[in-house]
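Enquirer: One structure, pasted below without further comment.
The values are calculated or read from the model by the stated rules, or taken from the named source; none is laboratory data. These figures come from a predicted structure and were not determined experimentally. Glycine also receives a Cβ, built like all others from the backbone with ideal geometry; neighbour counts cover every protein chain displayed.
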């Protein structure tokens with residue numbers, strides 16, 4: 001259940017232009033994703049992302065893309081983001097705790113979570129950083145992921161768990177993000 005910065009990465013699933021426009025509470029989702037990404041950037045966590053059929057659904061939102069290196073964005077057609085190119089990247093990074101955020105919770109997040117857990121990753125899902133087109137699909141997905149062993153948490157829990165103590169130099173910057 002421990003989340004350590006030396007073992008963690010952030011995995012952003014399909015926060016894309018056309019899909020984002022129809023998502024439940026999209027502004028709140030984006031605000032919380034940016035808060036998490038800022039904190040994880042301060043803590044030097046690797047950040048990966050996928051784009052589901054970008055030709056049709058558009059590219060990653062520019063606000064999110066600011067946190068990504070181009071070589072860490074992977075196109076996909078499968079709903080699960082646990083695809084060969086991502087698997088290869090995860091092996092190179094060699095970290096086993098995944099902070100999973102994005103859309104849609106009941107499709108791509110759910111299937112990715114299930115595949116990550118099956119392959120012995122620890123999965124942490126900040127509930128305010130995932131969504132779907134409908135509220136019922138979102139809450140059903142969170143319940144399912146909880147049942148199969150993902151840790152359903154929140155942004156503050158993640159950031160403070162990564163910090164461990166107020167004595168680290170990053171504490172002040174992280175606490176400014178949370179305010």
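Enquirer: If you scan region 120-163, which residues turn out to be closer than 21 Å to residue 42 by Cα and touching a residue at least 60 places away in the same chain (Cβ under 8 Å)?
Expert: 124, 126, 128, 129, 155, 158, 159, 161, 162, 163
Enquirer: Could you tell me how many of the residues in region 165-175 are touching a residue at least 60 places away in the same chain (Cβ under 8 Å) and either under 17 Å from the mean Cα position of the chain (by Cα) or surrounded by fewer than 17 Cβ atoms within 10 Å (Cβ to Cβ) (or both)? So that I can check it myself, show each step before the final result.
Expert: Filtering region 165-175 for residues touching a residue at least 60 places away in the same chain (Cβ under 8 Å) gives 170, 173-174.
From what is left, the residues that are either under 17 Å from the mean Cα position of the chain (by Cα) or surrounded by fewer than 17 Cβ atoms within 10 Å (Cβ to Cβ) (or both) are 170, 173.
Total satisfying the criteria: 2.
Enquirer: Picking from 168, 123, which residue would you name as being in contact with a strand residue (DSSP E or B) (Cβ under 8 Å, 6 or more places away or on another chain) and outside any helix (DSSP H, G or I)? Can you show your working first?
Expert: Numbers: 168 fails: in contact with a strand residue (DSSP E or B) (Cβ under 8 Å, 6 or more places away or on another chain).
One residue alone meets the criteria, 123.
Enquirer: In region 36-53, what count of residues is obtained for those that are more than 19 Å from residue 123 (Cα to Cα) and either touching a helix residue (DSSP H, G or I) at 6+ places or on another chain (Cβ under 9 Å) or modelled with pLDDT under 95 (or both)? Let's see the steps before the verdict.
Expert: Kept after step one, since they are more than 19 Å from residue 123 (Cα to Cα), are these residues of region 36-53: 38, 42, 51-53.
Filter again for either touching a helix residue (DSSP H, G or I) at 6+ places or on another chain (Cβ under 9 Å) or modelled with pLDDT under 95 (or both), leaving 38, 42, 51-52.
Of the residues in region 36-53, 4 are more than 19 Å from residue 123 (Cα to Cα) and either touching a helix residue (DSSP H, G or I) at 6+ places or on another chain (Cβ under 9 Å) or modelled with pLDDT under 95 (or both).
Enquirer: Take the residues in region 1-20 that are in a loop (DSSP other than H, G, I, E, B) and either on the phi > 0 side of the Ramachandran plot or surrounded by fewer than 23 Cβ atoms within 10 Å (Cβ to Cβ) (or both), then tell me which one is modelled with the lowest pLDDT.
Expert: 1
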